[in-house]
Amino acid sequence: MSNKSDGRRGRGLFLLADWVLIGLSALVAACIVLVLWRGGLRFDLHGTPVGFATATGAVLVLLGLLLSRLLLHALPPGRRRLLPPDSSLLFLLSLGIYLSNGSTLGTGDTLPARFLPMSILRDGDFYLDEAVPLFKAGPLHALRFVEATGKDKPVLGGPALAGRPGVHYVSDYPVGAPVLAVPVYLVSGLGNVTLESPLLEELEKLAGSLMIALSVLVLHLCLKRVTSPTWAALVSVAYAFGTSSLSVSSQALWQHGPAQLCITASLYCLVRGRSELRWMALAGAPLAMAVVCRPTNALLFLPVVVYLLLSYRRCFLPFVAWCLPPVLFQLWYNYTYFHYPLRTQYSGSSVDLWSGEIIPALAGLLLSPGRGLLVYSPIFILSLCGTVAAARRPPDFMVLALGSGALLVIALHSAWKVWWGGLCYGPRLLADITPILAFCMYPVGAVLERRTKVLLPIVVSLLAWSVCAHSIGAFWDDGRWTGYSIPGGLWSWSDNPLVNPPREILNRFLIRYRHLPTSAGSAEYLRAHYEIESAALRGVVGKVPELTLRASNTGPVVWLAWPKAAKGTVSFEWEMLADGKRIGGQGGRIPLRHDVFPGESYELTAPIVLEHPGIYTLRVGLRCEGEFSLEALGIAPAEIPVTIDEPRKPSRRNRQSKREE
């Protein structure tokens, strides 16, 4: 009798807790809608301000409540289960971790995607005229202005161009990502949120994070169909947290995140299509949309088409039919805004886009400490192993086709002149193929079950390294390294985004343990001595001379490269003078790569870029942010004469010999 009453009591407590969580979730969801509609929700309760100032905080609270309810249902009365056996847990954890750093890690390249969903919802077009004043001088490269005739030019001027009749601003990047982000912006677009609201930056981050979290969910559903639940969960965790999904794609509205979601959706359709043929044809729509999001994904099409023609010929024409809606949208967009349906952002025939050094670029994409895929995500070594395993009898032609497509994408980026991807973290350019590389790991699961004792420690080590590497990008990296090391420092094993954070932690420990004074608190004791490699620099217009300067810390104070507060940061301050006056635009600051302890020296190497011939003076010295330059302490900056000559014209004999050649 007591057992029955205890069971009823336990069941009652379970239902009570469940309904409490449902009610709280509904309340927080309503608050999120109000925040998105109004741009914030704050009110006073007996003199105490309550509510949500940001959408991210409210979303994190909602995720916590949903996760609690999920875990509650994993342990109902009479059942004992540690975790829920579905993909919902992965989705909620992924989204929560992506949002937990509280910042949007994008660049000027992602700004058009931040504002375009608002233009689509409010104006019904893809123009960015109203948002242009919000673009700072740097990110204007992400825009183009188009005339009524459809002619488009890069934006080199400022927002004043928007006043010209018949001229509109459009994004210089594909618009697939902002189109897929429209549902996230729907409430704000229909509400009272202005373009100046900081909520739009949060919406950009939320859209990117949501798409990657959904791709994790879809990939997990896909893997559960082809391998064991344990291996499917492990591979999904590796994809969610051990790849650029964590450090890049989920941190802003890049092109990569929506493309990854589309590719995982296509993978799911292909896998399910093995048993239900109608799903095989459905794979065409998301795969075509992945190309709309990022055109380089077109290289994934050819192997998939070959796979369908060889194995599922009946599905080929329906597959092509499902490809048409995204393709027709792209053609319509090109014709409407550029008057040319086949318009592309980059011309494949342009010689300036391609590098003749494919092998060094390929090595850099895969193995360099600055951008190497296998350095930041060594878990993908298992992708190669899985592809090899899939080639054995009976061969898995789908894995082989997908692996071939990934290799084509890698080869294309190896041929690109800017193969390192500009200012970013890790192997960003290869983020789109990470779902495919993760899927190609599934054949390893069967081998792992047979040799668990030998292989499991290796797999766990590779996974731990990958997760740590991309966690640095999401939670630690400040972008400083990319500002001074691209592209020359991509192969430095002692100065890269993976080595610098542990070194900074060690430096902070040594400073605290030895009670050393720092530039943040004892800037008046800063001392320095400068040594210049060359007494003068000489160059030619078009050929850049290089400055090499060694600064020695001769004082008792540690020069801090990047303290938490801006005050106390030591950097190099430079300016170019002509006739004793500073040249406009020729000046700035160069941050230190690492802390400099007393008695240590720091070497600065920087190119000197001048477009006009003449005699100049380069002045370089240290400055302590928020304090003063060392010149105020009596330490004069270094001054180096710089002579820039006109380029020499070839002699008549040289011109004649060139014509003969």
From the set of residues in segment 186-211 that are open to solvent by 10 Å² or more (accessible area, probe 1.4 Å) and of a type in the set (S, T, N, Q), which is farthest from Asp432 (Cα to Cα)? Asn192
Could we say that Leu366 is in contact (Cβ under 8 Å) with a residue 24 or more places away in the chain, open to solvent by 20 Å² or more (accessible area, probe 1.4 Å), farther than 20 Å from Trp491 by Cα and touching a helix residue (DSSP H, G or I) at 6+ places or on another chain (Cβ under 7 Å) here? no
Every residue from segment 111-132 that is under 15 Å from Tyr173 (Cα atoms) and over 24 Å from the mean Cα position of the chain (by Cα): Tyr127
Could you grab me the full set of residues in segment 537-557 that are hydrophobic (A, V, I, L, M, F, W, C) and either in a strand (DSSP E or B) or modelled with pLDDT of 80 or more (or both)? Leu537, Val540, Leu547, Leu549, Ala551, Val557
Which of the residues that make up segment 566-618 are in a loop (DSSP other than H, G, I, E, B) and surrounded by fewer than 18 Cβ atoms within 10 Å (Cβ to Cβ)? Ala566, Lys567, Asp579, Gly580, Phe597, Pro598, Gly599, Glu600, Val609, Glu611, His612, Pro613
Would you point out the residue of segment 384-414, among those that are more than 18 Å from Pro303 (Cα to Cα) and either open to solvent by less than 20 Å² (accessible area, probe 1.4 Å) or not aliphatic (A, V, I, L, M) (or both), that is nearest to the chain's Cα centre (by Cα)? Ser414
Of the residues in segment 633-661, those that are at pLDDT 75 or above and open to solvent by 80 Å² or more (accessible area, probe 1.4 Å) come to Glu639, Glu646
Could you list, in sequence order, all residues of segment 484-500 that are open to solvent by 30 Å² or more (accessible area, probe 1.4 Å) and more than 18 Å from Ile472 (Cα to Cα)? Tyr484, Ile486, Pro487, Gly488, Trp491
Considering segment 286-314 alone, what residues qualify as being open to solvent by less than 40 Å² (accessible area, probe 1.4 Å) and β-branched (Val, Ile, Thr)? Val291, Val292, Thr296, Val304, Val305
Determine, yes or no, whether Trp481 is open to solvent by less than 20 Å² (accessible area, probe 1.4 Å), within 36 Å of the chain's Cα centre (by Cα) and more than 23 Å from Ile640 (Cα to Cα). yes
Please go through segment 1-56 and pick out each residue that is at pLDDT below 85, among the hydroxyl-bearing types (Ser, Thr, Tyr) and either part of a helix (DSSP H, G or I) or farther than 22 Å from Met118 by Cα (or both). Ser2, Ser5, Thr48
Among the listed residues Pro258, Pro303, Pro229, identify the single one that is of a type outside the set (Gly, Ala, Ser), under 18 Å from Leu408 (Cα atoms) and in contact (Cβ under 8 Å) with a residue 40 or more places away in the chain. Pro303
Residue count, segment 525-557, condition open to solvent by 50 Å² or more (accessible area, probe 1.4 Å) and not charged (D, E, K, R), comes to 9
Conditions: (1) open to solvent by 30 Å² or more (accessible area, probe 1.4 Å); (2) not in a loop (DSSP other than H, G, I, E, B). Leu516 meets all but one. Number of the miss? (2)
Gly422 passes all but one of (1) at positive phi; (2) open to solvent by 50 Å² or more (accessible area, probe 1.4 Å); (3) of a type outside the set (Ser, Thr, Tyr); which number fails? (2)
Condition set in contact with a Pro (Cβ under 8 Å, 6 or more places away or on another chain), in a helix (DSSP H, G or I) and not β-branched (Val, Ile, Thr), scope segment 291-304, selection farthest from Ile263 (Cα to Cα): answer is Pro295
What residue, among those in segment 115-174 that are of a type in the set (Ser, Thr, Tyr) and modelled with pLDDT of 65 or more, is nearest to Leu253 (Cα to Cα)? Tyr173
Ser245 vs. criteria open to solvent by less than 10 Å² (accessible area, probe 1.4 Å), under 14 Å from Ala431 (Cα atoms) and either part of a helix (DSSP H, G or I) or touching a His at 6+ places or on another chain (Cβ under 8 Å) (or both): yes
Residue among Leu214, Leu234, Leu253 that is closer than 23 Å to Leu116 by Cα and surrounded by fewer than 24 Cβ atoms within 10 Å (Cβ to Cβ): Leu214
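The values are calculated or read from the model by the stated rules, or taken from the named source; none is laboratory data. Quantities reported herein were computed from a predicted structural model and do not represent experimental measurements. Neighbour counts are summed over all protein chains in view; Cβ atoms, including those assigned to glycine, are modelled from backbone coordinates with ideal geometry. In case anyone asks, the SASA skips ligands and DNA or RNA and just uses the protein heavy atoms, side chains included. Shrake-Rupley method; radii C 1.70, N 1.55, O 1.52, S 1.80 Å.
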